[in-house]
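One structure below.
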Amino acid sequence: MLDSMETLYESVLQARALDPGRSRTAKLFREGMAKMVKKLAEEAIEVGIEALQQKRHDTILESADLLYQLCVLLAEMGIKPSEIADEIARRQRLYGIAEKLPKGTGGKASKTIEEPPVTAIAS
C-alpha cells in the first residue's frame, strides 16, 4: 500500500502547481489548511457511514477519497508517506503490532519511548 500512497502523493505534489481553475488539487492548496482539514474530516465521516451501512464497495470508494485528502494534507505539511511508514514500523517493533499508541503518551510519539521490559524465562 505504501507504493500506492507514494504514487498518489507524488501526483498531488505535481498537481499543486496546476491552474486551480482546472485542478481540484491545486484549488485545495490555494484554499489552505482549514479547507484541507474540512475535506479530510468529511471523507472520514463518509467512510464511517458507508461501513456502518455495510456497503463494502462504497466504503472502498470513500476510503480512496480519504487517502487522497490525507495525501493533500500531508503534502501541505511536507510530510512524506515514508515518514508515516517509519512510524508504523517503529510501533510494530515496540508493541508487536502497529496500533495506536497506548494511553498516557498523549496519543503522540515520544522521542524517548522506552522499549518494553524483557523478562527472563526461568529454567
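The values are calculated or read from the model by the stated rules, or taken from the named source; none is laboratory data. Quantities reported herein were computed from a predicted structural model and do not represent experimental measurements. Counting neighbours? That spans all protein chains shown, and the Cβs are built from the backbone with ideal geometry, glycine included.
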| request: Taking LYS111 as the residue in question, decide whether it is of a type outside the set (Ser, Thr, Tyr), at pLDDT below 85, more than 12 Å from TYR9 (Cβ to Cβ) and out of contact with any helix residue (DSSP H, G or I) (no Cβ under 9 Å at 6 or more places or on another chain). | output: yes
| said: Can you tell me which residue is nearest to ILE88 (Cα to Cα) among those in segment 1-12 that are of a type in the set (A, V, I, L, M, F, W, C) and surrounded by 15 or more Cβ atoms within 10 Å (Cβ to Cβ)? | reply: MET5
| said: Being surrounded by fewer than 16 Cβ atoms within 10 Å (Cβ to Cβ), more than 13 Å from PHE29 (Cα to Cα) and not aliphatic (A, V, I, L, M): is that true of GLU62 here? | reply: no
| field | Number of the exception - GLU10 against (1) over 26 Å from ILE97 (Cα atoms); (2) assigned to a helix (DSSP H, G or I); (3) in contact with a helix residue (DSSP H, G or I) (Cβ under 8 Å, 6 or more places away or on another chain) | value | (3)
| query | Residue check: is VAL37 in contact (Cβ under 8 Å) with a residue 24 or more places away in the chain and out of contact with any strand residue (DSSP E or B) (no Cβ under 6 Å at 6 or more places or on another chain)? | reply | yes
